1. Just how large is the dipole of the chain about the Cα centre, in debye to the nearest 20, putting +1 at every Lys and Arg Cβ and -1 at every Asp and Glu Cβ?
2. What whole-number distance in Å separates the alpha-carbon centres of the range 35-113 and the range 174-197?
3. So for the pair Lys108, Gln54, with labels modelled 7 Å out along Cα→Cβ, what separation do we get in nm?
4. With θ set to phi - 60° and the Karplus curve 6.51 cos²θ - 1.76 cosθ + 1.60, what are the ³J(HN,Hα) couplings of the range 229-234 in order, to the nearest whole Hz, using x for Gly and Pro?
5. Springs between alpha-carbon pairs under 10 angstrom, Gaussian network model over the chain: which of Pro139, Pro165, Pro222 fluctuates most?
6. For the chain, what's the relative contact order in percent, using C-alpha pairs closer than 8 Å and at least 6 residues apart?
7. Using just the Cα positions, wrap the chain in a convex hull and report its mean projected area in square nanometres, one decimal place.
8. Can you find, among Val189, Pro167, Ser219, the residue sitting farthest towards the positive end of the charge dipole of the range 154-221, where Lys and Arg contribute +1 and Asp and Glu -1 at Cβ?
Amino acid sequence: MRKFGAIFLAGALALGAQGLANAKACPSEKEIKEKVKELVPRNFQVADIKELSQVRGLCQVVIKMGIKPVVFYTDKKADYILVGNLLDLKEKKNLTAEETQKYAKLDKATLRKLEKHVNIVYNGKAKKYIYFISDPDCPFCKKAEPVLKEWADKNNVALKVILFPLPIHPQAKDKAVALICDKKGLEDVHNNYTSKNMCEKGKKAVEANLKFLNELGVSGTPTLIGMNGNVIQGLPRSESELDSLVD
């Protein structure tokens, strides 16, 4: 088996030496679906299959489960799977992360469905907008809020908030319902707002959010989705990253 040189494979490596040396092609979409269907807990689509130029004989596969792309690596027969980050030390790049970000994008049809789940709008007169999926009890969402407001004010962008209470926060669901029922704004979302107002409209809206976003593959907050379909999961790292949501 050839030496990888500057390439470091982080994860569960199970590629046979003979398979790596002789690989000349990649498995078909049908083969991938058949081989990994028992490993994936939900329906998925194969978004891409290609042989890596950086590592001879190693095939990269991208599957999508709603919003979430998963990148893994395999041999030409899909007998072995490598899960983890592929790092190019020479170029100082995380190849897996780059591919994941590339495919973390929603189409226009999904964005239209997402629009129906907006609960609160900040700076609503702006023509540009992003979706801010948040849990009222999420500490990272609270940390992100002032950053997003400052950026939105500076760039005249609307923040469309979709409430997504996570199971790890037992009081978040009632807070989300109350925020909708009492018609509160973004300034109240992460300010421990509570109310006994558990109106049916609020309950139905939160349940609809949970169902849709779970089906979409959203698993954590904050999640930011741009008007162009680009996705940021977790805290934004820079203004330029936020700019990429409205470019």
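1. On the way: 41 positive and 30 negative charges, 78 e Å.
Computed about the Cα centre, the dipole is about 380 debye.
2. 38 Å
3. Distance between the two pseudo-spin positions: 3.4 nm.
4. Listing the rounded values in order: x, 5, 10, 10, 9, x Hz.
5. Most flexible of the set in this elastic network: Pro139.
6. Numbers: 454 pairs, mean separation 42.6, N = 247.
Computed value for the chain: 17 percent relative contact order.
7. Working: hull surface 58.8 nm².
That works out to 14.7 nm², a quarter of the Cα hull's surface.
8. About the Cα centre, the residue reaching furthest to the positive side is Val189.
Quick note: the coordinates plus some simple rules give every number you see, no bench work behind them. All figures in this text were calculated on a predicted structure; none of them were measured in a lab. Note that each Cβ is placed from the backbone with ideal geometry, even for glycine, and that neighbours are counted across all protein chains shown.
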